[in-house]
């Protein structure tokens, strides 16, 4: 059974700070992993078809794929309201996941607004990424689905007519103005007893109160506040509350090119995101989240510096073997669908700089010091001193040969620079400041000699290359060179000209023999486009920066969410969704335009 492929931007996020679901404009939940972000999906229609699991609620007679009339998040929350206007009347569906007590719940409350509208619910549970059809039976007046380690209970309040049809659970009911019907789907391990049912109506009120209390902590009062708060709520929604880890995205294998093979699993935590994420949280007043993210980072970075990974699981897990799921056709037939990420085994020297930069930022921003944090940094610095000259796979996890990537060398400079700043600011802590000044100067000279194309006046992607890399836009932000340095201005202009696509920015060129060793193309990378906003502003081109930022706001979908990439020709979002890195970029660019220092 198939249904029309919805655009990536047609989805909205709901979640409970341990996992999340994607709700389409057509009223179908097409992606849900339980009980964690990185667990197997029980709704995987996003990457296959309806037989791989989904749950749709819509007025009877509305065709598959037909969208609701309008939708929006309730202000300051991750509670979604979708309105359907029909000839018989208007209804709204409220979708949310309350912060869990013992078990994850997906709640959908249907409320009549006017007239009398008959609605249909179709629930297809398919465990193990849409592969396993569970055994469904009635129990205690509700439905329970069981397969292997997974069990899910399905109930409604008040009870409505429900029946089984084609390995699905179907319901039909009618609501008038002011009438409500709530559906609750609850997961738990199949060997454990059923969790106590949660009142969906009380849970809605508590969820709204929880989210509004959290959002009220935001200190940002500058322009574009609505977009900033929505991005911060999205980052919170991508946070695994027990550990403080923030996943890069809620999904796996949404393609960077429709029909292509650039499909990766992003349900993990990347060290590359650490400094920019921490800066966004600190600058907007979310100190608890900043502390939790730093704590996650310290746990991840602990151990032998030679074993530092570029990414970890949400609880700090180190292993995430990459496998394909052949029974899923892929979003818009973009195969393979991958689970796990082989890039975990890559050498990316930039992460040492990013970890040290993050811990320096936390310290300089006034977060209470962790006694062991400096010892971890010293160990990372010792490793980097011996290894910064090595080639690596670089920030973008290329699957081609290792190279001397300019960004990796710049971040080695950042590590040395932050060590010098820390030792200068606190002479009482152990460390040889002169040693790190010398290393900082050595790295700086090496980058300027080998990573700069004097003929074109721009930093390149790697030593000896004529290719460019949008990551060099970060050179003034990290303080490697001042914004008014001609080499910075030349790099900004070259990246905008050569990597620009209808005004937005690609990470690097995929034309000809690509550095990443992969076939096909990809869209404009939204985080890099926000970096261009920052670089334009820092180099004195504020009007151009603001114009680009407002164009990027126009890329947000109707509920303010961004994927990883964007195709400016087709007008489609691409890549995993919603993407934390894109939303961090939005927040930091808004802060930059408002004159707020995101700080180093």
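Where a number appears in this text, it was derived from the coordinates with a stated rule and is not lab data. Quick caveat: nothing in here was measured; it's all calculated off a predicted structure. Note: ideal-geometry Cβ built from the backbone for every residue, glycine included; neighbour counts use all protein chains shown.
What to note about this one:
- Radius, Kirkwood style, for region 197-291 when every pair of distinct Cα atoms is counted (Å): 15.4 Å
- Degrees separating the helix 526-538 axis from the principal Cα axis of the chain, which is the longest one: 40 degrees
- Dividing the convex hull volume of the alpha-carbon atoms in region 8-215 by its residue count gives 115 Å³ per residue.
- Once the Kirkwood radius over Cα pairs is known for region 308-420, the Stokes-Einstein relation at 25 °C and 0.890 mPa s delivers a diffusion coefficient of 154 µm²/s.
- Volume per residue of the C-alpha convex hull in region 135-198, rounded to whole Å³: 84 Å³
- On Cα atoms only, tilt of 373-387 relative to the major axis of the chain in degrees: 60 degrees
- Principal axis dimensions, largest first and in whole angstrom, of region 225-593 by Cα: 58, 51, 42
- Placing R0 at 35 angstrom, the Cβ-Cβ distance between residue 132 and residue 88 gives a FRET efficiency of 0.40 after rounding to 0.05.
- Principal axis dimensions, largest first and in whole angstrom, of region 423-542 by Cα: 52, 34, 28
- Of the three principal axes defined by the Cα atoms of region 1-128, the extents in descending order read 41, 35, 24 Å.
- Counting only alpha carbon atoms, the long axis of helix 350-364 and the longest principal axis of the chain meet at about 90°.
- Residue-span extension gain [residue 371 to residue 432] - 0.36 nm each, minus C-alpha spacing: 20.1 nm
- Direction-averaged projected area, Cα convex hull, region 235-284: 4.2 nm², rounded to one decimal.
- Whole-number percent relative contact order across region 8-215, with pairs defined as alpha carbons under 8 Å at least 6 apart: 19 percent
- For region 377-462, the orientation-averaged shadow of the C-alpha convex hull comes to 6.3 nm² (one quarter of the hull surface).
- Region 168-282: relative contact order as a whole-number percent, Cα under 8 Å and 6+ apart: 12 percent
- Computed from the Cβ-Cβ distance with R0 of 51 Å, the FRET efficiency linking residue 333 to residue 113 stands at 0.85.
- Here the calculated FRET efficiency for residue 191 and residue 287, from their Cβ-Cβ distance with R0 = 30 Å, stands at 0.15, rounded to the nearest 0.05.
- Value of [θ]222 nm, deg cm²/dmol, for the chain, DSSP H segments ≥ 4, -39500 (n - 2.57) each, nearest 500: -9500 deg cm²/dmol
- Mean Cα-pair separation over length for the chain, i.e. relative contact order, pairs under 8 Å, 6 or more apart, %: 13 percent
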